[in-house]
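Note sheet for the following structure.
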Amino acid sequence: MVSQESRQAYPDTEALARAAAYELLRRAQQSVDARGVFTLALAGGSTPRKLYSLLAADPAFRDFPWSKTQLFFGDERHVPPDHADSNYLMVKTTLLESGLVPEANVHRVRAELPDASAAAAQYCDEMHRVFTEAMRSGGFPRFDAILLGMGPDGHTASLFPGSKGLQEQERWVIANWVEKFKSTRITFTFPVLNAAEAVLLLVVGADKTDMLQEVLVTKRTIYPVMQVQPIHGVKVWMLDHAAASRLTPVD
Ligand code: 6PG
């Protein structure tokens, strides 16, 4: 089944964050009404900070069903949870310190473990415990929503161009060596991303403009973010005008 792909541009990051927050609220309420749970994987980096802060503090989102939400991380750097580079630390300071999300619902990657592969395997076990058979699609966890970002090099999660993780088709979570950073990241694999009901790609800033033109219009090269193709779900690009400023169809 061909996935559905849509694109929406917003005047600025505030408007994009608010739209994404409403989209998550809608999906969360729908999933909880239907199945009593909402499974959500968060993106790291800097783009989603405003979104997470809105969800934590804006009264418009006070009805978010956090008690029924299982919160995961789509990727994590191989650092302790108090390290400046930790995606968990970013989510903790923007969202979790609000106390809205029950601790038992927050599934943190144990990225402090010296062996990144062990951290990935441990995370995979935790996901297997939460995602029962009825919550899987094709043998992979079917997230109700996965948030992703995109780097100027076309990576998403921690699936970077040229990295071995791009080829992974069996495991749910892997330790992926990233040459450009000379470091290992723990990341969801494409089968997990592509089993999701919805993937929301939040992309902002002028430094993403050229890559967006590549991945959405010219498509001369296959970049990792293009391999996100939800089999039964939807792929929603949420862009700010700066990132979308040069999106022009090729002649
Ligand atoms: C990470 C993210 C990564 C991020 C992109 C965009 O761990 O850094 O998962 O995939 O989404 O690099 O990052 P910015 O939002 O900072 O531009």
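When a 1.4 Å probe is rolled over the protein heavy atoms, the share of accessible surface on segment 4-240 that falls to carbon and sulfur comes to 50 percent. Based on protein heavy atoms only, the chain ends up with 45 Å² per residue of surface accessible to a 1.4 Å probe.
Screening the chain for whole DSSP H helices with an alpha carbon extent of at least 15 angstrom along the helix axis and a mean Kyte-Doolittle hydropathy of at least -0.5 yields 13-35, 116-130.
The GluC sites (Glu not before Pro) of segment 165-206 that meet both conditions, a loop assignment by DSSP and at most 13 other Cβ atoms within 10 Å of the site Cβ, are Glu170. Legend: residue pairs Lys50/Lys235; Lys68/Lys182; Lys92/Lys219, Cα-Cα distance threshold 30 Å; pairs beyond threshold, Lys68/Lys182; Lys92/Lys219. Our summary gives segment 155-251 a relative contact order of 29 percent, counting only alpha carbon pairs under 8 angstrom and 6 or more residues apart.
The GluC sites (Glu not before Pro) of segment 59-157 that meet both conditions, a loop assignment by DSSP and at most 16 other Cβ atoms within 10 Å of the site Cβ, are Glu112.
Taking a ≥ b ≥ c as the square roots of the Cα gyration tensor eigenvalues, segment 4-240 comes out rounded, since a/c falls below 1.5. Over the residues of the chain, the helix contribution to mean residue ellipticity at 222 nm works out to -7500 deg cm²/dmol, using -39500 (n - 2.57) for each DSSP H run of at least 4.
With R₀ set to 45 Å, the beta-carbon distance separating Ala118 from Ala57 gives a calculated FRET efficiency near 0.80. Here the relative contact order of the chain, from alpha carbon pairs under 8 Å that lie six or more residues apart, stands at 24 percent.
Among Ser98, Ser117, Ser158, the residue with the largest mean-square fluctuation in a Gaussian network model of the chain, with springs joining Cα atoms closer than 10 Å, is Ser98.
The values are calculated or read from the model by the stated rules, or taken from the named source; none is laboratory data. This one's a predicted model, so the numbers in the text were calculated from it and none came from an experiment. Glycine gets a Cβ as well: all are built from the backbone with ideal geometry, and neighbour counts include every protein chain shown. We work out accessible area using only protein heavy atoms, side chains counted, and drop any ligands, DNA or RNA first. Shrake-Rupley method; radii C 1.70, N 1.55, O 1.52, S 1.80 Å.
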